[in-house]
1. Suppose we flag chymotrypsin sites (Phe, Trp or Tyr not before Pro) only when DSSP calls them loop and at most 14 other Cβ atoms lie within 10 Å. Which is the longest uninterrupted stretch of chain A?
2. Expressed in nm to one decimal, what extension gain is obtained for the pair A:ARG15 and A:GLU70 from 0.36 nm per residue of sequence separation less their Cα-Cα distance?
3. Could you tell me the relative contact order of region A:93-217? Use alpha-carbon pairs under 8 Å, at least six residues apart, and round to a whole percent.
4. Placing +1 at every Lys and Arg Cβ and -1 at every Asp and Glu Cβ, with all other atoms neutral, what dipole size does chain A have around its Cα centre, in debye to the nearest 20?
5. On a full-extension model of 0.36 nm per residue, what is the gain between A:THR56 and A:ARG228, subtracting their alpha-carbon distance, rounded to one decimal in nm?
6. Can you give me the Cα centroid spacing of region A:143-195 and region A:204-268 in angstrom?
7. So what's the net charge close to A:LYS244: Lys and Arg +1, Asp and Glu -1, counting the other residues with Cβ under 12 Å from its Cβ?
8. Tell me the net charge near A:SER262. Cut-off is 9 Å between Cβ atoms, A:SER262 excluded, with +1 for each Lys or Arg and -1 for each Asp or Glu.
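What follows draws every value from the coordinates through simple rules; no lab data is involved. The shown structure was predicted, so the numbers you read here are calculated from the model rather than taken from an experiment. Here the Cβ positions follow ideal geometry from the backbone for every residue, glycine too, while neighbour counts run over all protein chains shown.
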Amino acid sequence: MPELPEVETIARTLRLGSNGLPGLPGRTITQALVLWERTLAEPASQEFLNAIQGLTIQTVSRRGKYLVLEIPPFNLLIHLRMSGDVRIEPLSTQQQKHDRVILLLDNDTRMAFNDTRKFGRMWLTKNPERILDRLGIDPLNILLQPEEFYACLHPKKKMLKPLLMDQSFLAGLGNIYTDEALYQARLHPTLRANSITLEQTKHLLCAIQSVLTEGIARNGASIDWVYRGGTFQNHFKVYRQTGKPCQTCGSPVCRIIVGQRSTHYCPTCQPEPNHREV
DNA sequence: CACGAGACCTGTTCGC
DNA sequence: TGCGAACAGGTCTCGT
């Protein structure tokens with residue numbers, strides 16, 4: 001589930017509250033429960049429980065695919081990986097099947113980190129930069145201009161899709177939005193970054209920002225049984241549309257594996273790179 | 001350095 | 001109907 005638009009949606013929900021329950025800022029943590037130890041990347045659970053109890057949450061934000069909760073003197077970083085979700089619930093809610101960490105709050109609510117596949121991680125740290133500084137620029141940062149993006153892309157020999165999904169290059173794109181952005185920019189996923197022009201780079205940046213913005217506007221994408229509330233899955237042009245006609249030209253959408261990830265594209269609108277010219 | 005395979009996990013869906 | 005294989009939004013580590 002969680003790429004930039006889904007994480008942004010969850011951050012907004014945690015900030016503003018949901019279902020009539022207030023958001024997290026201003027709430028004091030009365031107690032924490034760790035139900036799956038490995039969810040805590042750091043510190044170990046006993047230290048985590050002792051440290052976080054009694055602290056007050058100040059802000060909730062997002063950086064790349066990380067949720068960032070300011071809880072002075074710490075930051076709580078949360079990465080949802082494949083199946084994580086964070087919810088605000090009444091304190092009386094029954095424990096859900098895949099709840100991994102729960103924070104009990106001072107207003108009879110709780111924050112639950114639920115994660116079926118157990119890949120998600122949390123860090124309670126005084127030095128969030130140590131982790132967040134590894135991330136590349138946020139694609140929605142208004143300071144990101146086509147010329148600068150071109151300067152970043154042009155020296156890279158990697159294929160476009162794995163490069164765009166590299167979080168140290170650009171922070172926020174995952175498998176869904178990368179396929180959708182490359183389709184909108186009419187670029188084949190295996191094109192080498194150093195082979196695309198400034199003009200193509202402008203289209204690509206525009207496409208990336210466009211699919212992310214639409215994803216956020218639709219509260220993200222909900223697929224299968226994981227994550228709920230978003231509707232962007234009803235507007236995919238290529239992701240998981242294998243065999244269906246391209247909305248632009250009618251060619252059947254193709255599925256290939258690139259960088260061990262399922263990849264969807266239109267063979268006509270996104271022509272194969274010509275390897276003789278590389 | 002680039003790339004691929006494997007690991008980490010549980011659950012659903014597909015093919016026989 | 002049953003059962004194993006394939007597949008799923010992400011990232012890290014290790015080997016070539």
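1. With a cap of 14 other Cβ atoms within 10 Å, the longest stretch comes to A:1-118.
2. Contour length minus the Cα-Cα distance gives 18.6 nm.
3. Working: 130 pairs, mean separation 27.6, N = 125.
After rounding, I find 22 percent.
4. It comes to approximately 640 debye.
5. Working: separation 172, 0.36 × 172 = 61.92 nm, distance 2.81 nm.
Result: 59.1 nm gained on full extension.
6. Region A:143-195 and region A:204-268 have Cα centres spaced 16 Å from each other.
7. Values: positive: A:LYS237, A:ARG240, A:ARG255; negative: none.
Charge balance in the 12 Å sphere: +3.
8. It works out to a net charge of +2.
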